[in-house]
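One structure is given here, and the rest of the page talks about it.
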Amino acid sequence: MDVEWVTKFLLLHLFLHSCTLSTHRTASDSCTTHIILPGPEGEHGEKGDLGEPGKTGKQGPAGSKGLIGEPGQKGEIGQRGKIGPIGAKGDKGYRGLPGSPGMKGQPGRFCDCGRYRKVVGQMDINIARLNSTMRFVKNVIAGIKETEERFYLIVKEGKNYNAALVHCKVRGGSLAMPKDEETNSLIAAYVNKTGLSRVFIGVNDLEKERQFMYTDSTPLQNYSHWRPGEPNNAFGGEDCVELVSDGGWNDVECHLTIYFVCEFLKKNS
């Protein structure tokens, strides 16, 4: 017998006993108050019908990562992307097989090309001479000095000694050869006026060391205007002569590139 059933039985016994002790009350009055006490546990009833579904609860925490699923079906081909950067140059491929020979060409025409080439070559020579003459004329327009017998012109084109000799000779003259004080002073003043410091003149010892001569092969017997201590052949190859702005002469190396003076003989009328 369980505890709950014993408790209920004792409570009922006390209630009935209290009704008997009440002598001044009738039996009907003494027990008019009904107290309903819980009875013993009944048998389990039948299972009820399924109720309506409740409201959706709050979303719970994320579960653990599941297993990798099977790969899906291949999708459709997407749009073509942009062209990427040009790659590095690849290795040279193998030489291909020779192609088939082409068709025979039309017969050529006879051309007297030698004659045309000769004409064109002569035109080039004439143009070069004309350009050289134009440069020479510009120098002439810039200024010229003269004595009773000769014209003197400073050529403002830097050349070495041999090139200067040729330049003057092609134009019908020679490198200036001051053979007296008057001519030397005139050239020196000309150099000063032009703003130069030195020019080649037609004096050298190219044929024999330390025997200076004019370019017309005449020796320096009657006149010279060497600066103090000159000629000294300081660098061991000073075989040509320059005239400096004070009129003095100085032996220098012939490969130097400087301006020079040409002289031209006046023609008798």
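Observations on the model:
- Taking the criterion of being part of a loop (DSSP other than H, G, I, E, B) and closer than 22 Å to GLU207 by Cβ, the residues of segment 234-249 that qualify are ALA234, PHE235, GLY236, GLY237, GLU238, ASP239.
- Selection within segment 189-217 - in contact (Cβ under 8 Å) with a residue 12 or more places away in the chain and among the hydroxyl-bearing types (Ser, Thr, Tyr): TYR190, THR194, SER197, TYR214, THR215
- Residues in segment 158-174 that are crowded, with 16+ Cβ neighbours inside 10 Å and touching a residue at least 60 places away in the same chain (Cβ under 8 Å): LYS159, ASN160, TYR161, ALA164, HIS167, CYS168, ARG171, GLY173, SER174.
- Count of residues meeting criterion [surrounded by 18 or more Cβ atoms within 10 Å (Cβ to Cβ) and in a loop (DSSP other than H, G, I, E, B)] in segment 194-214: 2
- Filter pass, ARG129 being under 42 Å from the mean Cα position of the chain (by Cα), at pLDDT below 90 and surrounded by 11 or more Cβ atoms within 10 Å (Cβ to Cβ): yes
- Evaluated against (1) under 52 Å from the mean Cα position of the chain (by Cα); (2) part of a loop (DSSP other than H, G, I, E, B), GLN221 falls short on exactly one condition, (1).
- If you go through segment 226-243 and keep only what is buried (at least 17 other Cβ atoms within 10 Å of the Cβ) and within 27 Å of GLY195 (Cβ to Cβ), you end up with GLU230, PRO231, GLU238, CYS240, VAL241, GLU242, LEU243.
- Residues in segment 250-265 that are assigned to a strand (DSSP E or B) and among the hydrophobic types (A, V, I, L, M, F, W, C) were compared, and the one that is surrounded by the fewest Cβ atoms within 10 Å (Cβ to Cβ) is LEU265.
- So ASN139, is it among the polar types (S, T, N, Q), in a helix (DSSP H, G or I) and at pLDDT below 95: yes
- Some residue of segment 222-243 being under 30 Å from ASN131 (Cα atoms), modelled with pLDDT of 95 or more, acidic (Asp, Glu) and in contact with a strand residue (DSSP E or B) (Cβ under 8 Å, 6 or more places away or on another chain): yes
- Boolean, GLY247 is in contact with a Ser or Thr (Cβ under 8 Å, 6 or more places away or on another chain) and either loosely packed, with under 11 Cβ neighbours inside 10 Å or touching a residue at least 12 places away in the same chain (Cβ under 8 Å) (or both): yes
The values are calculated or read from the model by the stated rules, or taken from the named source; none is laboratory data. Please read all numbers here as calculations on a predicted model, not as lab measurements. Reconstructed Cβ throughout: ideal geometry from the backbone, glycine too, with neighbour counts over all protein chains shown.
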